[in-house]
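Below you'll find the structure, written out as structure tokens, and then a few comments.
The values are calculated or read from the model by the stated rules, or taken from the named source; none is laboratory data. Nothing here was measured: the structure is a model prediction, and the numbers come from that model. Here Cβ is always computed from backbone atoms with ideal geometry, including for glycine, and neighbour counts include all displayed protein chains.
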């Protein structure tokens, strides 16, 4: 486990993490990125997206409030990131909930080299071709677990993080379970998107090891969630404490707090 | 009063509440919806808005940062919601402040079957054809009160909620005054939009009784505001405590805390 | 120093401050504006932007997530504000980071009469024609200081605020250093944008004296930052406390807390 060392690297190098994400969570993912120690930048205009992606250390694509021009920007930015060797993490928000989301997520996976896909069980099951019942973007499908992560990683040919009460990360061969986190994470909109952004931060300093980066990100975010829950009185105070907790994560103790399986 | 029972129903059924709203408050209304116990989903692309609206239990339309494509999406989503029998709540943010907002709000009211309109006195007075002096979207026009709510409900042929220090809800025949709330609600941007989203949540489990749903939503939101104000030291801590308070609303005591007239 | 008196004027007159800003910080700048005592309004549609700008007391332009239609709206709104005599403050977010941002900021400066430009050292250095190394919109270029502010004000022919650990404001002749603030401001996304919005609020009641307005805004925002830091445990609690602090700023003591040079 090198989550602590990689967190330290994020804070020292302050990698630029380019995010093309949804309107609902932009402020939240920017602040989570900044609290962790990286530099967020949001840019989606066709006039600049390639230039921005080519200087960033990682690219986060999130289809939570997708529309035609934003998807086009994701494709252009993703191609630039691929050329520059910067890893891409994809959050297929709501895949399965509408055809447009499913088709767009598949298109991004087909046209770009994606390093990590991070989604809930229903979204990942949809992309992996497994049927799933989906009720909104906050929904969790079936208790999918390790098999789903592995099957999806196989099918999508990239690392897949299926997050839920216990997260499962797989590269198609290995499967790592991460049991860090807290149930209050499910009461705040955008915590999934934040975990995707945090995955982008770890990818930025761990470009060659997407499985490790994805696991470390979920450990770091989960530990922050545990810290944030300590004095929370509900979703509001928890949400605020989450930024404090990300900012105060201790690289020296992070590895020992990982609940892996 | 069945606010407590309907809150309980929201938490049990977790209805999907589709929201096409403004950029400023998207995160806030999503989190208020989630804190109350419903599932928010934001989607505005023409490619998916109909599909999303047809599976949701209620639709929230808010013109706070309107533009051509968003208004078009509202019309398509609204028609799908009407066909599916899902109630629509409209927030005519800034009606009267610019011609475009007034015209758009009128257009939505004319082309769609709206269950509830929720606005401040100035916005509602504009839509009801009464002159009003409006200074920005946070402004309150005159101390309109019960007459305005009733006249507007008559003119617009739907339930109308006029919110302010005391809220007035009318279906054109009855008028209910709701005195819950706290003055700090006026110091946080988007609390009006949140009360509209909460109205959508109650409508989702009370589709046949929009007057009751609208009243219960304002009671629930007002009581949460009272709870949030208890330890607040200003708009920041109040805003955070508001999500905690929505999350911690007690169905067993909610009815008894209603200040109706 | 008349920061206290001007803060008092803001609270009494509640000027309407029209903001065309970026998706990431819209809620934040609206809430900062409201907490200070002014009325924020966000509007960007070509159908209404001129009408809104013509009734506002100041206009805030921020290119943080610019795109073609938004830039067009800024030009139209800016022209209307100029005609109405309402001062404009420009936040050139990311100027220098991409060509599109640099060109757009220059275009706005060329086509509109801008009262104040507020940016970090890297952004201002770019616009002033000085080379700067820029790493994302949260980055700080070189320790530019008074000379940069003065040279930029000269080159851009308006008041320039270069913010950082110490802020420098110049009209090309005088240079005022403002040492208020706290390092936690750098850990929250959008605090620069908030300081621009606050500049718009002071400009709204100090239209004839942009240098004074810009200085007073940075004093007020910096003092609020100092107050917010007192009990903060990280970026989350600091961010929340910042709104409380803006709301609780005391006009009677504000001048005496200014750290000017």
Only unsatisfied item for residue B:12, checking (1) in a helix (DSSP H, G or I); (2) in contact with a strand residue (DSSP E or B) (Cβ under 9 Å, 6 or more places away or on another chain), is (2)
Subset of region A:15-32, residues within 7 Å of chain C (Cβ to nearest Cβ) and under 21 Å from residue A:192 (Cβ atoms), comes to A:23, A:26, A:27, A:30, A:31
Scanning region C:230-245 for residues that are without any contact (Cβ under 8 Å) to a residue 12 or more places away in the chain and not in a helix (DSSP H, G or I), the one surrounded by the most Cβ atoms within 10 Å (Cβ to Cβ) turns out to be C:233
Scanning region C:92-134 for residues that are within 14 Å of chain A (Cβ to nearest Cβ), part of a strand (DSSP E or B) and touching a residue at least 24 places away in the same chain (Cβ under 8 Å) gives C:95, C:120
Q) Can you spot a residue in region A:250-258 that is in a helix (DSSP H, G or I) and within 12 Å of chain B (Cβ to nearest Cβ)? A) no
Matching residues in region C:29-48 (in a loop (DSSP other than H, G, I, E, B) and out of contact with any strand residue (DSSP E or B) (no Cβ under 6 Å at 6 or more places or on another chain)) number 5
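Residues checked against (1) modelled with pLDDT under 95; (2) within 14 Å of chain A (Cβ to nearest Cβ); (3) within 12 Å of residue C:4 (Cα to Cα):
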| site | (1), (2), (3) |
| --- | --- |
| C:216 | no, no, yes |
| C:227 | no, no, no |
| C:234 | no, yes, no |
| C:238 | no, yes, no |
| C:246 | no, no, no |
| C:260 | no, no, no |
The one condition residue B:1 fails out of (1) in a helix (DSSP H, G or I); (2) surrounded by fewer than 22 Cβ atoms within 10 Å (Cβ to Cβ) is (1)
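Checking the conditions here, which among C:35, C:45 is surrounded by fewer than 24 Cβ atoms within 10 Å (Cβ to Cβ) and within 13 Å of chain B (Cβ to nearest Cβ)?
Of the residues listed, the single one that is surrounded by fewer than 24 Cβ atoms within 10 Å (Cβ to Cβ) and within 13 Å of chain B (Cβ to nearest Cβ) is C:45.
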Could you tell me whether any residue of region C:147-161 is in contact with a helix residue (DSSP H, G or I) (Cβ under 6 Å, 6 or more places away or on another chain), closer than 18 Å to residue C:19 by Cβ and at pLDDT 95 or above? yes
Check: Quick check: anything in region B:7-14 buried (at least 24 other Cβ atoms within 10 Å of the Cβ), touching a helix residue (DSSP H, G or I) at 6+ places or on another chain (Cβ under 7 Å) and within 10 Å of chain A (Cβ to nearest Cβ)?
Finding: no
Over region A:1-29, the set of residues touching a residue at least 60 places away in the same chain (Cβ under 8 Å) and under 20 Å from residue C:239 (Cβ atoms) is A:11, A:17, A:19, A:21, A:24, A:25, A:28, A:29
Within region C:49-88, residues being within 12 Å of chain A (Cβ to nearest Cβ), in contact with a strand residue (DSSP E or B) (Cβ under 6 Å, 6 or more places away or on another chain) and in a helix (DSSP H, G or I) number 0
Considering region B:116-132, residues that are more than 17 Å from the chain's Cα centre (by Cα) and closer than 17 Å to residue B:93 by Cβ, and then whichever is modelled with the lowest pLDDT, we arrive at B:132
The strands (runs of 3 or more DSSP E) lying entirely within region A:152-212 that contain at least 1 residues which are away from every other protein chain (no Cβ under 14 Å) and either within 22 Å of residue A:59 (Cβ to Cβ) or out of contact with any strand residue (DSSP E or B) (no Cβ under 7 Å at 6 or more places or on another chain) (or both) are A:159-163, A:167-170
